[in-house]
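The values are calculated or read from the model by the stated rules, or taken from the named source; none is laboratory data. Just so it is clear, the model here is predicted, and its values are computed rather than measured. Cβ: placed from backbone, ideal geometry, glycine included. Neighbour counts: every protein chain shown.
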Ligand code: NAD
Ligand code: UDP
Ligand code: UDP
């Protein structure tokens, strides 16, 4: 197996967010110097509080839509709100974050000759006609809808990555991440797994958008981080885009029932309008990941991952109420 080269200076943008904080932790555990850059829009200091005392960890408040001059060997570009309610809160800023953020991080990578990985998304496939989704599929995205700031921003970021690769010979890696969940999602994140778990634990109604027949494939955070590290460690010929996700596919109704069972909750299901352009189905074809990431495949089944996440939120919600302000 190809080893991830030790002792690098690694920049993680969006490092105080859900995925970023797990990534920073793993990188520190592997002996790297980690510079975590975040504007705390959806991420929090709390997510990385346990890393602050680490001698190789540095936290910088910075918005990636502005230039950043630092000296690093590798860049993981994760900065961007990922939950629809948050990325739609200020859609112009969301596009700026994806596009100007990518330009700045690519400019930085170009100046210091760093390797750079983009956290892209399954949303580049939009509401797909091809199922499961393979990397060759170009997607079906509405360019002017409520989700476009995120979807098209991420698509443009991919374009920029490949143009910097072709034009400036940058070493790039593009990961198309499918729905990922786990501990350290924000209580008010708004995505389906945290919503259902928090609602179930509080005994509130579980909000199903539409009739709940739409599907998603949920990847546990540890599996995702492992794949991202392996992708960064691949040879320069591997640029991606590569799907990373768990091919297990579930409807939102199935997910709600699992959460109710796991929490023993008496919450009722309530049905609410389906948001505009909500994709009907989503499942990754991960053949390419298996091939290029040393046989990587997700290890954590949904039931186990949900149990871990329920335990996390249960502990969080049982602590004093101020924790909900994070
Ligand atoms: P998150 O919202 O928890 O994390 C995003 C982080 O980026 C936050 O800490 C936020 O404060 C920071 N950020 C936002 N705008 C910024 C800016 N302009 N400058 C600096 N920092 C900024 O979301 P997440 O789930 O951890 O997602 C991380 C990345 O992975 C995102 O790029 C997202 O698009 C991508 N992704 C995530 C998933 C998933 O299911 N979790 C799926 C596909 C893609
Ligand atoms: N940039 C940055 N840090 C650096 C180098 C560049 O943030 O260390 C930004 C800079 O703001 C620039 C952008 O990256 O606008 C793109 O850089 P590039 O060199 O590709 O373009 P140029 O500087 O020629 O516009
Ligand atoms: N969803 C839901 N109830 C919620 C939150 C989301 O039924 O409280 C649905 C949403 O409409 C979508 C799916 O769950 O069909 C996944 O939503 P999420 O926001 O987690 O991710 P995305 O739509 O970006 O894949």
* To do: Please find, among 55, 6, 81, the residue that is more than 16 Å from ligand 2 (Cβ to nearest atom) and at pLDDT below 95.
  => 6
* What is the one condition in (1) under 30 Å from residue 174 (Cα atoms); (2) more than 16 Å from ligand 1 (Cβ to nearest atom); (3) under 20 Å from the mean Cα position of the chain (by Cα); (4) touching a residue at least 24 places away in the same chain (Cβ under 8 Å) that residue 310 does not satisfy? -> (1)
* Structure fact -> residue 290 meets each of (1) away from ligand 3 (no atom under 12 Å from the Cβ); (2) surrounded by fewer than 16 Cβ atoms within 10 Å (Cβ to Cβ); (3) touching a residue at least 40 places away in the same chain (Cβ under 8 Å); (4) under 20 Å from the mean Cα position of the chain (by Cα) with one exception, condition (3)
* Report the residue count in segment 26-37 for those that are more than 16 Å from ligand 2 (Cβ to nearest atom) and either outside any loop (DSSP other than H, G, I, E, B) or touching a strand residue (DSSP E or B) at 6+ places or on another chain (Cβ under 6 Å) (or both). => 8
* Might you let me know whether segment 182-201 holds any residue that is surrounded by fewer than 19 Cβ atoms within 10 Å (Cβ to Cβ), closer than 30 Å to residue 156 by Cβ and modelled with pLDDT of 95 or more? => no
* To do: Working only within segment 250-270, note down all residues that are in contact (Cβ under 8 Å) with a residue 60 or more places away in the chain, surrounded by 14 or more Cβ atoms within 10 Å (Cβ to Cβ) and either touching a strand residue (DSSP E or B) at 6+ places or on another chain (Cβ under 9 Å) or in a loop (DSSP other than H, G, I, E, B) (or both).
  => 252, 255, 256, 259, 260, 265, 267, 269
* Structure fact -> Those residues of segment 94-118 which are more than 10 Å from ligand 2 (Cβ to nearest atom) and either under 16 Å from residue 37 (Cα atoms) or assigned to a helix (DSSP H, G or I) (or both) amount to 94, 95, 96, 97, 98, 99, 116, 117, 118
* Answer yes if at least one residue in segment 253-266 is at pLDDT 95 or above, within 15 Å of ligand 3 (Cβ to nearest atom) and within 20 Å of the chain's Cα centre (by Cα), and no otherwise. => yes
* One residue from 59, 23, 68 being part of a strand (DSSP E or B) and either away from ligand 3 (no atom under 16 Å from the Cβ) or surrounded by 23 or more Cβ atoms within 10 Å (Cβ to Cβ) (or both) -> 59
